[in-house]
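Below is one structure, written out as C-alpha cells; the observations come after it.
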Amino acid sequence: MKLVRFGAPGAERPGVWLDDRGTPEILDVRAMAFDIADYDAHFFTHWGIDRLRGLLMEPVQKRIAADGVRLGPPVARPANLICIGKNYADHAAEFDGAPPSEPILFAKAPTAIIGPRDPIRIPAGWTEADAEAELAVVIGRAASRVEAASALAYAAGFLALNDVTERRAQREAGQWYRGKSFDTFCPLGPFLVTADDVADPQQLGVRSRLNGAPLQEGNTRDMLFPVAQLIAYISRTLTLQPGDVLATGTPSGVGFARKPPVLLQPGDEIAVEIDGLGSTCNRVERA
C-alpha cells in the first residue's frame, strides 16, 4: 500500500493512494474510520496497516480525486529523525576519503520535515544548500536490541527523503545538526510504501535531479551498512519508537563535492526518486 497524508499543512488527513480506476484517487481513511486520526505511533502499534487493508475490502469507499490535492509528509512528525552519515563508499570518498568502520549516527530536527511538493526555503545569508537523496525507513514497532536477522520485521515501510544540508552551517558549527535542521530541509514522500510491497530494500535505485538534469545516481545495494544492520546497530543502545524515521545515507554526486560546486539556488527544482517509492520534487525559494 501507498500511505499518504493530504490537506493543508498542519491539518493533514491519513489516506491511501489508489490508481486502480485509471486516474489517481485517495482513500479518505478518516472518513471511513474516524478513530484513525493520523499515521503516528498509535496507528502503527494498533494494527493500523491491517485495518487499512480491511478498508480497501469494503464495497463502499470514501475516495477523492487526487488531482490538485496537496500531499503532506506521509507520516506524522516523528519523535526521532535519525540519519546515517557516509553509508556509501563512493560518497565517503567524495566527502573525506575515509569509509567508516561502523555506522555514523546524527540527528536531524523533525521540524525540518515538509511534504513532497512543498517549497524548500533558504534563509537570507545562506548560500550553500545542498541535496542528498536517501532511502528512509519508518519504524513500525518498538525495537530494542534486535538482531539483524529479524530487524526488517520492525520496518513499517519505506519512503524517499531529501536530506537538504547547508554546508557552511555544517562546517562552521563543527557538527552536523544545525546545517541539517533548517526549517523545510527535509522533504519526505510522496508515499510511505508498506514493507510488504518492497521486495528488497537493498535493491533500490536512488537518484536526484536538479532542474531535470542528473545529479546523483546510486543503488541501495551499495550501502556499507544495510537497513537491517542499521536497525540492529541503533537498537543496541536506544529504543527505536513506532513512527521514528531512519534516513540511511546518500550515494555520491552531491553538489558540494562537484567541481565547480552545484548548490541549490532560488528558482531551482530538486527531485529525489527511489525505485517503487515515488519522488519528491521541491522548488527552492528564499525564506
- [ ] Starting from the amide H of R121, placed 1.01 Å from N in the peptide plane, find each other amide H under 5 Å away whose residue is 5 or more places distant or on another chain.
- [x] E285
Task: Sequence-distant residues sharing a close amide H with F6 (under 5 Å, placed H) - done: R13, G15, G72
Task: Per-selection Kirkwood Rh - region 67-106 (Cα, Å, 1 d.p.) - done: 12.9
Open item on the list: I'd like the chymotrypsin sites (Phe, Trp or Tyr not before Pro) in region 28-126 restricted to DSSP loop residues with at most 12 other Cβ atoms within 10 Å, sorted by number.
Closed with: F34, W47
Open item on the list: Report for the chain the percent antiparallel among DSSP-assigned beta bridges with both residues inside it, nearest 5.
Closed with: 85
Open item on the list: Restricting to DSSP loop positions (anything but H, G, I, E, B) with no more than 12 other Cβ atoms inside 10 Å of their own Cβ, which GluC sites (Glu not before Pro) remain in region 231-287?
Closed with: none
TODO: Enter the angle in degrees (range 0 to 90, nearest 10) between the Cα long axis of helix 48-57 and the first principal axis of the Cα atoms of the chain, meaning the one along which they spread out most.
DONE: 50
Open item on the list: Over the Cα atoms of region 81-286, each weighted equally, I'd like the Debye log10 I(q)/I(0) at q = 0.13, 0.18 Å⁻¹, rounded to two decimals.
Closed with: -0.64, -1.29
Open item on the list: At a threshold of 8 angstrom on Cα-Cα distance, excluding pairs fewer than six apart, so keeping six or more, what relative contact order does region 2-72 reach in percent?
Closed with: 38
Open item on the list: Could you derive backbone 3J(HN,Hα) for region 276-287 from the dihedral phi with the Karplus parameters 6.51, -1.76 and 1.60 (θ = phi - 60°), listing whole Hz in sequence and x where the residue is Gly or Pro?
Closed with: x, 10, x, 9, 8, 8, 10, 7, 9, 9, 7, 5
Open item on the list: If you average the alpha carbon positions of region 18-39 and of region 155-218, how far apart do those two centres end up, in angstrom?
Closed with: 26
- [ ] Collect residues whose amide H, placed 1.01 Å from N in the peptide plane, falls under 5 Å from the amide H of D268; neighbours closer than 5 in sequence don't count.
- [x] V284
Open item on the list: Below 8 Å between Cα atoms, with a sequence gap of 6+, how large is the relative contact order for region 81-286 in percent?
Closed with: 34
Open item on the list: To check you understand DSSP bridge types, tell me what percent of the beta bridges within region 74-192 (both residues inside) are antiparallel, rounded to 5.
Closed with: 90
Task: Phi-based couplings in Hz for region 238-243 (Karplus 6.51, -1.76, 1.60; Gly and Pro marked x) - done: 9, 7, 6, 9, x, x
Task: Relative contact order (percent, whole number), region 204-264, Cα cutoff 8 Å, 6+ residue spacing - done: 30
Open item on the list: Restricting to DSSP loop positions (anything but H, G, I, E, B) with no more than 10 other Cβ atoms inside 10 Å of their own Cβ, which trypsin sites (Lys or Arg not before Pro) remain in region 202-274?
Closed with: R236
Open item on the list: Using the Karplus curve 6.51 cos²θ - 1.76 cosθ + 1.60 with θ = phi - 60°, what ³J(HN,Hα) values do you get for each residue of region 250-257, in whole Hz, with x for Gly and Pro?
Closed with: 10, x, 5, x, 4, x, 5, 7
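Taken together, the values in this text are just the output of simple stated rules run on the coordinates, not laboratory data. For clarity, every value in this text was computed on a predicted model and none was experimentally measured. Here Cβ is always computed from backbone atoms with ideal geometry, including for glycine, and neighbour counts include all displayed protein chains.
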